[in-house]
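Shown next, in structure tokens, is the structure this report addresses.
We did not get these values from a lab; they are worked out from the coordinates using the rules stated. Note that the structure is a prediction, hence the values are computed from the model and not measured. Ideal geometry is used to build each Cβ from the backbone, glycine not excepted, and the neighbour counts take in all protein chains shown.
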Amino acid sequence: MLSFEGFTLLILLFILAPILGAITLLFLFVFEKRIDLLENKAKKIELEKELQQSLYHQLNSQIQPHFLFNTLNVILTLARLERTEQLVRALEVFSQFLKFKYHTSEPLIPLREEIRYTGHYLEIQKLRFGDRLKATMVCDEESKGALIPPFVLQTIVENSFKHGLERKVGEAVLHVRIWREGDDVNLYVLDNGTLEPQQSAMDAGEKSGHGLDNIRRRLKLYFAERAGVDMRMVEGSGTEVQVVWPYVPESDANEVPT
């Protein structure tokens, strides 16, 4: 015969069992929702990452045609002037650049490679400008191993010619200096290009437009707010452009946040 204590425990069991079952189901429901939320968040991050990569490659591809078209114009000018030796050398340098360009598929490359193919562009311009062009490029050894998006230096140098040095009468000066300072790398470009008074406002906006905006956006994709680009027109001196980004050695390429 069931005792009073047993009967009481049985009643409590019947009362508590549904409550415990409901709590368990609620816990499982919350846990399942949490799993779904984490999975959705992971998918969102992956989609954003893919979108970011697509945007990066799109921005990067915007720059390359400008260089190719401008270089072809330089070669065409040499041909029209019948400067055969310079034309042959320009084609040799151009082919070297193309060979490098179509083997460059990485979103970040060592700065030494950026300097090398920018040197190809400068050599073509030296053939065009002759002794009028005084170009210098100085970079400390440590910075040469720093990672940088391709076509950053080359774009700035190209802008210096396109928006200033092209219309410069007399000596055309371009100075590039790159150095490491603490955890950052600094890139400084100065040219003495001449802007006509009535064109200054237009060219200033143009020079700081697509080219530099492209650089800003690409740097931000990889280094966020730790990177920046600044340009200023210096009356009587030309234009200064400075780029700052975090120092990441090529040995740490896999650690760059994406």
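Here each label is just a point 7 Å from Cα along the line to Cβ, and for Arg116 and Arg217 those points are 2.9 nm apart.
In plain terms, the residue of Asp184, Asp36, Asp131, Asp191 with the fewest other Cβ atoms within 10 Å comes first and the most crowded comes last, giving Asp131, Asp36, Asp184, Asp191. Figure legend: label point modelled 7 angstrom from the Cα of Arg177 along Cα→Cβ; residues of region 142-163 with amide N under 16 Å from it are 143.
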